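Everything on this sheet refers to the single structure shown next.
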Amino acid sequence: MAYVYRHIRLDKNEPFYIGVGSGGYRRANSTKGRNKIWNGIVSRTNYEVEIILDNLGWEEAREKEKEFISLYGRIDKNNGSLCNLTEGGDGTLGVTAWNKGKKLSKKHINSLSKAQTGLKRSKESIQKAIETKKLTFSNKGKIVLNTQTGIYYVSVSEAAKSIGKRQSTLSKKLNGERKNNTPFIYV
C-alpha cells in the first residue's frame with residue numbers, strides 16, 4: 001500500500017515538500033535523494049513529517065501527490081511554497097531544466113563532469129539510461145558512454161572531443177584494437 005506525505009517547515013508552519021512512498025514510512029523520513037532547495041530549507045529550519053493519506057493504491061497515491069503539489073504550488077514556478085521540481089505522479093512531469101537555453105562554459109562543464117567522477121550506479125540504472133538515450137538519439141553512429149560521469153555521446157567524435165583526443169584514437173580503443181585506458185564504452 002502507498003501513502004502521500006508532506007514535509008512542514010516549523011519556522012513558517014507551511015508545507016515545503018509533497019511526496020509518495022510505499023512499504024513503511026522510510027521514504028517520508030529519509031533525507032537522502034533530496035534536491036538542492038529541499039536541502040537548503042532543511043539546513044535553515046527544523047521540519048516535521050506528516051502522512052496526509054495512507055493505505056492507497058500506488059496509482060491513487062500518485063494522483064493525490066499531483067493534486068497536493070498543484071494545491072500548494074512550487075517555488076521554482078513562483079506560485080507556491082513547495083520545493084518539488086516536478087508536478088508529481090511520475091517524477092518528471094513538469095520538470096524545469098535548470099540550464100534550459102543556457103550555453104555552459106567549458107569550466108562549468110568540467111566542474112559538472114568532475115562532480116560525477118567516481119559515482120557508482122547500479123546496472124539497472126545504467127541499463128535504463130541506455131534505453132532512454134537510444135530512444136532519443138539519432139542514428140549518427142554508436143552511442144558512447146563515459147562510465148565515470150554517466151554522460152552519453154551520440155558519436156565517438158563527440159566523446160573524443162570532450163577529452164581532447166582524436167576520434168580515430170578513441171575509436172581504436174573502443175573497438176579493442178588498442179588498450180582502452182579511458183572510461184568510455186560503446187552502448
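Here the simple spin-label model places points 7 Å from the Cα toward Cβ, and for TYR186 and ASP54 these points are separated by 5.4 nm. Treating the Cα atoms of the range 2-77 as identical point scatterers in vacuum, please give the log10 of the normalised Debye intensity I(q)/I(0) at q = 0.12, 0.17, 0.22 Å⁻¹, two decimals. Log10 of I(q)/I(0), two decimals: -0.31, -0.63, -1.04. Past the 19 Å Cα-Cα mark, which pairs from LYS32/LYS106; LYS106/LYS173; LYS36/LYS107; LYS36/LYS77? Table pairs above 19 Å Cα-Cα are LYS32/LYS106; LYS106/LYS173; LYS36/LYS107.
Would you mind calculating the gained length between THR45 and ARG26 on full extension (0.36 nm times residue separation, minus the Cα-Cα distance), in nm to one decimal? Present the calculation step by step, with values, prior to reporting the outcome.
Details: separation 19, 0.36 × 19 = 6.84 nm, distance 2.10 nm.
Stretched fully, the THR45-ARG26 segment lengthens by 4.7 nm.
Most exposed first by the Cβ proxy, i.e. fewest other Cβ within 10 Å, how do ARG27, ARG62 rank?
Working: ARG27 16, ARG62 19.
By the 10 Å Cβ count, ascending, the order reads ARG27, ARG62.
Read-outs throughout are calculated quantities, based only on the coordinates presented, and are distinct from any laboratory measurement. Keep in mind that what you see is a predicted model, and the values were worked out from it rather than measured. Don't worry about glycine lacking a Cβ; one is built from the backbone with ideal geometry, like all the others, and counts go over all protein chains shown.
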